Amino acid sequence: MQIVLVRHAKVLIENQNSTTANEMNRWVEEYSHAPIDSTLPKNEVVSLIQNSNYKIASSLYRTEASLSLLKIEAYEKNSLFDEIILDDLAQSSEAYL
């Protein structure tokens, strides 16, 4: 059995060299809703994804857009596979203070 993990396409957002804590929340929100690069990955990557038996994906917008770009349907979409959101991380850290 072969397991293939694929992230989303490149997110089209301007990255800054530095940001303040207050600006970070705004940047995360913009990143979460930003469009993705429509350049397809290498043919071998596309073929590997398309020929896999089960395609499991996160529930994030950028992942859905990537699936659409590749013209594939995920067997399952689940927030369990989402990247951690910094705001969630900050809130969980506060519980330990």
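The values are calculated or read from the model by the stated rules, or taken from the named source; none is laboratory data. Because the structure is a prediction, the values reported are computed rather than measured. Neighbour counts run over all protein chains shown; Cβ positions are idealised from the backbone, glycine included.
Taking first residues from the range 12-28 that are at negative phi and partners that are small (Gly, Ala, Ser), the Cβ contacts under 7 Å between residues at least 6 apart in sequence or on separate chains come to LEU12/ALA34; ILE13/ALA34. The set of residues in the range 61-87 that are assigned to a helix (DSSP H, G or I) and hydroxyl-bearing (Ser, Thr, Tyr) comprises TYR61, THR63, SER66, SER68, SER79.
Scan the range 15-30 and tell me whether some residue there is touching a Lys or Arg at 6+ places or on another chain (Cβ under 7 Å) and closer than 22 Å to SER79 by Cα. No, the range 15-30 contains no residue that is touching a Lys or Arg at 6+ places or on another chain (Cβ under 7 Å) and closer than 22 Å to SER79 by Cα. Step by step: first the residues of the range 4-32, then only those that are farther than 15 Å from LEU69 by Cα, touching a Phe, Trp or Tyr at 6+ places or on another chain (Cβ under 8 Å) and surrounded by 12 or more Cβ atoms within 10 Å (Cβ to Cβ), then the one that is modelled with the lowest pLDDT. Which residue is that? Here the residue is THR19. Taking the criterion of being closer than 19 Å to VAL11 by Cα, of a type in the set (D, E, K, R) and surrounded by 11 or more Cβ atoms within 10 Å (Cβ to Cβ), the residues of the range 48-78 that qualify are ARG62, GLU64. Checking each residue in the range 16-58 for being farther than 20 Å from PHE81 by Cα, within 16 Å of the chain's Cα centre (by Cα) and in a loop (DSSP other than H, G, I, E, B) picks out ASP37, SER38, THR39, LEU40, PRO41. Among residues of the range 72-88 that are basic (Lys, Arg), those with a Cβ under 9 angstrom from a residue that is modelled with pLDDT of 85 or more and not in a loop (DSSP other than H, G, I, E, B), sequence gap 6+ or separate chain, pair up as LYS77/ILE56; LYS77/ALA57; LYS77/THR63; LYS77/GLU64; LYS77/LEU67.
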